[in-house]
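What follows is a short report on a single structure.
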Amino acid sequence: MSDQSAVVGTVTEVFPDWFSPDSRPGYAGYIVPSERMREAAGYLKNRKHFDMLTSVTSADYFPEDRIEMVYHFRRSTGGEPLRIKCFLSRVESQIDSLVDVFPGAELQEREVWDLMGVRFTGHPDLRRILTWEGFAGHPLRKDWKEPFFEDEIKPYKSRWPEGKFIRAEEKNPLGDNLCFPPGFDPESWVPDKDEILYKSMTRVAKAGEDGMDSDTIIVNLGPQHPSTHGVFRMVARLDGETVVDLKPVMGYLHRNHEKIGERNTFLGNMPFTDRLDYICSMSNNFAYALAVEKLLNIAPPERAEYIRVIMAELTRIVNHLVANGFLMNDLGAFFTPVLYSLEEREFILDFFEAASGSRMMCNYYRFGGVVRDLDENMMSMLKAILERLPRKMDELEKYLIGSEIVRIRSEGVGILTPEAAIANSATGPLLRASGVPYDLRRADPYSIYDRFDFDVCVRYHGDIYDRFMLRIDEIRQSIRILKQAVRDMPSGPVLTGKPQYQVRVPAGEAYGRVEGPKGELGFYLVSNGKTNPARYHVRAPTFINLTSLAGMSRGNKVADVVTILGSIDIVLGEVDR
Amino acid sequence: MYGLGILKGLSVTLKHFILTFVDDAKRGKGRYRSPQGIAYKQSTELSGLFTVEYPEEKLPVPEEFRYIPFLVYEEEDGEKKLRCTSCGICSKVCPPQCIYIVRTVDPETGKPVPTPAEFCIDVDICMNCGLCAEYCPFDAIKMDHDYEIASFDRMKHHVFDISRLAKPVSYYASIRPKNYKTEEDARAAKAAAKQGTASA
Amino acid sequence: MKESLNSPGVQIPEELSGLVAITTLDRIYNWGRRNSLWPLMSGLACCAIEMICTAASRYDFSRFGMEVMRPSPRQADFMLISGTVTKKMVPQLVRLYNQMPEPKYVVAMGACASGGGPFKEGYSVVPGIDKFLPVDVYIPGCPPTPQALLNGLMKLQEKIDHQALKTDAHWYKKDGSAPIPVPILGPDLIDLRKVEQIRLASQVQQPASDADNNEVPHE
Ligand code: SF4
Ligand code: SF4
Ligand code: SF4
């Protein structure tokens with residue numbers, strides 16, 4: 001954290017009452033009084049060039065009366081993140097919103113409000129985001145209990161040795177996953193009809209240049225819609241066919257990942273991370289393993305590092321194949337490109353299946369290594385894939401990028417300027433296609449990426465076509481890394497220490513992140529020295545990338561919105577968690 | 001010329017289309033519904049038709065493949081003896097907590113007996129993660145390869161009890177030959193070491 | 001296909017065997033239905049990716065006549081619930097189901113759709129779509145591999161094979177089937193069939209909970 005102290009060292013001299021180091025053992029970063037947070041953020045941004053607010057989250061320290069807001073700032077030129085915290089009281093949890101300094105905080109602050117109940121004053125649109133309006137309580141607070149609540153932490157006592165099987169429904173008075181506030185009368189309930197949502201959308205009065213007075217209409221796309229890549233909903237206000245304003249509505253796949261994660265053991269979360277971004281389970285595993293390893297202060301053996309990189313890069317290829325395929329689907333090249341990409345994906349999935357036992361839900365990484373070694377057979381399988389892929393990439397390129405339809409529909413559409421991308425905390429291909437060469441593998445290297453020779457891909461137009469091409473470039477770079485990794489892979493063990501099912505993790509906090517295929521995937525963990533995390537937060541790249549969606553869509557035709565969304569490449573398991 | 005790009009692209013599809021017939025002609029009958037045909041379809045040399053015609057053709061699953069867990073039992077003179085000692089580790093490690101074990105208690109002494117009285121897995125919760133099999137110290141629970149278990153009624157069929165979970169060692173050895181061999185070797189080595197220390 | 005279409009027990013003269021098939025109305029009716037099952041595309045979560053793989057080249061379920069997977073309920077024969085059903089999503093799914101024409105079927109793919117799956121304990125997950133829709137086939141697995149899904153779909157065909165026009169075709173009856181009431185999002189999901197129960201349950205709770213924290217009505 002040398003970077004941090006250098007920066008704030010000077011600040012503490014100038015403003016001694018602004019930044020005080022967080023000196024609790026296992027913790028790092030600085031504590032800022034909550035009423036100063038907005039100014040401090042502005043100062044960091046304007047004077048110290050921390051121009052990206054990568055993550056906004058919070059942690060509940062019940063039974064103490066304290067909620068901590070945790071902010072991670074980054075420089076778009078690289079380096080470690082700077083962690084800033086604010087302490088709030090649980091009763092009057094309120095803090096100034098950072099949206100006007102960092103627009104990228106918008107969705108994240110809504111999430112904190114929804115799940116933790118922290119009010120952000122000055123937030124332009126503070127509504128529930130993952131649950132729905134009218135939902136009772138703020139689920140991530142430690143004293144909030146769900147209907148099927150059984151115990152604070154796993155393992156539950158009722159499973160062994162007297163583990164009589166009983167369905168959770170049978171213990172619930174309503175026989176279902178339901179629980180209502182006392183005295184609730186279902187008949188007098190008026191459900192939310194999305195009126196606030198519709199009202200919150202800008203309504204641009206028609207200039208009336210053609211002398212005609214026309215009204216705007218609201219169109220809902222999704223959640224059951226083929227173009228939304230899952231259960232995602234967009235509400236668009238249209239003037240004719242042009243989008244005047246657009247709001248993403250999510251939460252249709254909110255599966256309480258974080259709440260369940262705080263109950264699980266550290267190891268038990270590993271298979272759950274598979275289900276975040278279910279196309280790239282390996283990189284989810286990777287980021288989570290890195291975060292826990294930071295807490296445990298262990299490092300995997302050499303061979304395991306190589307295997308990890310191999311798996312992560314294969315995952316990137318899989319993801320980009322799928323993303324590009326479905327983007328073509330949205331452009332109207334109905335299914336043929338997807339089928340070609342999925343064909344190549346199957347070979348990689350076969351490899352994953354042979355290594356980990358499952359095609360998609362790999363659960364392959366362990367703290368301090370990986371679960372099992374790759375044998376000779378698998379290595380030759382990998383080599384064969386690496387031999388086939390470049391050939392097929394050429395074919396795909398020939399098939400698609402020359403096509404006039406693709407170019408007309410994607411060039412110059414959905415432009416995201418580099419300034420807007422940075423301000424909106426975009427990461428991953430979305431950021432790099434906008435001309436910001438920011439890749440965590442280079443900007444803040446982790447694992448053994450500093451040993452490989454590869455280029456950070458970057459494109460400069462920030463339109464759909466560039467995002468598409470950038471993914472193809474990245475596939476080629478990944479193949480390059482893979483070839484080096486296969487060449488240099490040493491032999492040896494793949495796990496440090498003994499396999500343990502209940503790891504006791506020293507108290508403290510850690511933020512582990514990787515450059516996932518979709519952007520910076522981070523896990524913020526707080527441990528209180530027990531076997532399960534006290535706070536488990538996922539910094540989901542696609543969730544935050546969606547902040548840019550509205551800006552990119554305004555002024556475009558409604559048919560283009562679909563492709564713009566496709567070019568962001570979202571996965572709902574991660575957006576909604 | 002406008003449209004040239006599209007034509008170029010379409011030539012790729014055409015190539016795929018023609019290759020199907022070329023490949024069929026080249027490989028003859030053995031390409032479909034034969035073991036070597038399936039092996040070919042999984043190899044990266046594949047060109048032409050990609051489809052595996054389930055149920056006539058089935059892709060073999062790799063050894064590590066995991067679906068629902070099962071319990072291994074040994075057959076000793078016609079009696080089925082579960083390897084499980086009901087130590088409870090699998091139920092503790094299971095992330096969604098879907099393993100339910102009732103330990104057998106000796107009715108006379110009241111002491112626990114190392115075998116489960118009941119062992120249930122709710123397959124509607126199980127996430128096929130394989131952690132139970134990974135951490136069982138007695139190699140008693142393993143991940144099955146049988147995926148053809150769709151049913152019409154989940155209330156009746158989706159809570160697997162011992163009778164449904166128990167499968168013989170021979171079955172385990174057949175689906176996971178390599179794992180089985182390493183485990184047996186380790187066990188034999190351990191036994192030999194024990195003998196060695198005992199005699200010394 | 002002739003074997004399955006031809007009704008057993010009726011002897012066809014040898015010289016006609018290639019030309020004529022004698023069958024029952026049930027058989028030909030079901031044969032037509034089972035071989036053109038059109039799914040409603042409703043991908044919800046991780047399982048949807050495996051569903052797409054099943055539709056893609058390697059497994060290709062158009063071999064079963066299922067390739068017409070469209071996101072509109074109007075022409076769909078069955079609904080493939082592939083993934084976690086959340087409380088926020090279930091009203092939409094019920095509405096879609098109501099819009100499907102009879103005869104209609106529901107296939108629950110994966111642990112989540114069948115019974116909540118690993119996320120069952122969560123506060124916003126419906127523990128099994130069968131709480132709302134009548135499910136015909138359940139496919140366990142997380143996620144079911146494409147081959148497991150195909151196996152489940154063949155089970156559905158099997159089920160259709162065993163339906164008789166006379167007894168099972170309730171969709172030709174006058175009263176038909178009533179639509180399922182669409183649940184409402186309240187403080188929790190309000191199932192309109194359970195309104196009375198909900199009121200009772202929340203009344204009982206009142207004295208028990210000491211209402212110490214207004215923020216946390218769940219207890
Ligand atoms: S299966 Fe293994 S881990 Fe589970 S109770 Fe039996 S012996 Fe213990
Ligand atoms: S596979 Fe995973 S979820 Fe299933 S019983 Fe084993 S530990 Fe539990
Ligand atoms: S069953 Fe498993 S794979 Fe399918 S949706 Fe649920 S968690 Fe995802």
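Some points to look at:
- The criterion of at least 2 residues that are more than 16 Å from the chain's Cα centre (by Cα), at negative phi and within 15 Å of ligand 2 (Cβ to nearest atom) is met by the following strands (runs of 3 or more DSSP E) wholly inside region B:52-171: B:99-105, B:112-122.
- Cross-chain or 6+ apart pairs with Cβ under 6 Å, region A:317-333 first and in the same structural domain as A:M469 (by TED's automatic domain parsing), then of a type in the set (S, T, Y) and part of a helix (DSSP H, G or I): A:I317/A:S478; A:L321/A:S341; A:G325/A:S341; A:L327/A:S567; A:D330/A:S227; A:D330/A:T563; A:L331/A:T563
- Of the residues making up region B:58-69, one or more are surrounded by 14 or more Cβ atoms within 10 Å (Cβ to Cβ), hydrophobic (A, V, I, L, M, F, W, C) and more than 11 Å from chain A (Cβ to nearest Cβ).
- Residue count for region B:149-163, restricted to those that are surrounded by 16 or more Cβ atoms within 10 Å (Cβ to Cβ) and at the interface with another protein chain (Cβ under 7 Å from one of its Cβ atoms): 6
- The set of residues in region A:123-138 that are among the hydrophobic types (A, V, I, L, M, F, W, C) and farther than 20 Å from A:K259 by Cα contains only A:L126.
- Residue identified as of a type in the set (V, I, T) and over 28 Å from A:I317 (Cβ atoms) among A:V505, A:V494: A:V505
- Some residue of region B:179-189 being under 30 Å from B:V105 (Cβ atoms), more than 16 Å from ligand 2 (Cβ to nearest atom) and of a type in the set (A, V, I, L, M): no
- In region A:23-63, the qualifying residues are those that are hydroxyl-bearing (S, T, Y) and touching a strand residue (DSSP E or B) at 6+ places or on another chain (Cβ under 7 Å), and the one that is nearest to A:A443 (Cα to Cα) is A:T54.
- Scanning region C:40-79 for residues that are under 21 Å from A:F334 (Cα atoms) and in contact (Cβ under 8 Å) with a residue 60 or more places away in the chain returns C:L40, C:L44, C:I49, C:E50, C:M51, C:C53, C:T54, C:R58, C:Y59, C:F61, C:F64, C:M66.
- Residues of region A:145-166 that are of a type outside the set (A, V, I, L, M, F, W, C), more than 7 Å from chain C (Cβ to nearest Cβ) and either surrounded by fewer than 19 Cβ atoms within 10 Å (Cβ to Cβ) or not in a loop (DSSP other than H, G, I, E, B) (or both): A:E150, A:D151, A:E152, A:Y156, A:K157, A:S158, A:R159, A:P161, A:E162, A:K164.
- Region A:553-573, residues that are under 16 Å from A:V406 (Cα atoms) and under 12 Å from the mean Cα position of the chain (by Cα): none
- Residue in region A:536-547 that is hydroxyl-bearing (S, T, Y) and over 28 Å from A:E262 (Cα atoms) present: no
- There is no residue in region A:364-384 that is assigned to a helix (DSSP H, G or I), within 16 Å of ligand 3 (Cβ to nearest atom) and surrounded by fewer than 24 Cβ atoms within 10 Å (Cβ to Cβ).
- Just one of the listed residues (C:V125, C:V135, C:V106) is more than 15 Å from ligand 2 (Cβ to nearest atom) and surrounded by 24 or more Cβ atoms within 10 Å (Cβ to Cβ), namely C:V125.
- Among the residues listed as A:D444, A:D450, A:D473, the single one being among the charged types (D, E, K, R) and under 23 Å from A:M393 (Cβ atoms): A:D473
Quick grid of which residues meet (1) in contact with a His (Cβ under 8 Å, 6 or more places away or on another chain); (2) over 18 Å from A:A304 (Cα atoms); (3) exposed (fewer than 15 other Cβ atoms within 10 Å of the Cβ):
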position	(1), (2), (3)
A:V494	no, no, no
A:P499	no, no, yes
A:G512	no, no, no
A:P517	yes, yes, no
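- The number of residues in region B:75-111 being hydroxyl-bearing (S, T, Y) and within 16 Å of ligand 3 (Cβ to nearest atom) comes to 0.
- Applying the criterion of at least 2 residues that are facing chain B (nearest Cβ under 9 Å) and away from ligand 3 (no atom under 16 Å from the Cβ) to the helices (runs of 4 or more DSSP H) found wholly in region C:95-169 leaves C:146-161.
- Of residues in region A:481-537 being among the small types (G, A, S) and assigned to a loop (DSSP other than H, G, I, E, B), the one farthest from B:E134 (Cα to Cα): A:A507
- Given (1) surrounded by fewer than 23 Cβ atoms within 10 Å (Cβ to Cβ); (2) more than 8 Å from ligand 1 (Cβ to nearest atom), number of the condition B:C87 does not satisfy: (2)
- Screening C:L80 with (1) out of contact with any Pro (no Cβ under 8 Å at 6 or more places or on another chain); (2) within 16 Å of ligand 3 (Cβ to nearest atom); (3) among the aliphatic types (A, V, I, L, M); (4) away from chain B (no Cβ under 11 Å) gives one miss only, at (1).
Okay, residues lined up against (1) near ligand 1 (Cβ under 8 Å from one of its atoms); (2) farther than 30 Å from A:N256 by Cα; (3) among the aromatic types (F, W, Y):
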site: B:F70; (1), (2), (3): no, no, yes
site: B:E79; (1), (2), (3): no, yes, no
site: B:V105; (1), (2), (3): no, yes, no
site: B:K111; (1), (2), (3): no, yes, no
site: B:P137; (1), (2), (3): yes, yes, no
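The values are calculated or read from the model by the stated rules, or taken from the named source; none is laboratory data. Just so you know, these numbers come straight off a predicted model, no measurement behind them. Virtual Cβ from ideal backbone geometry, glycine too; neighbours counted across all protein chains shown.
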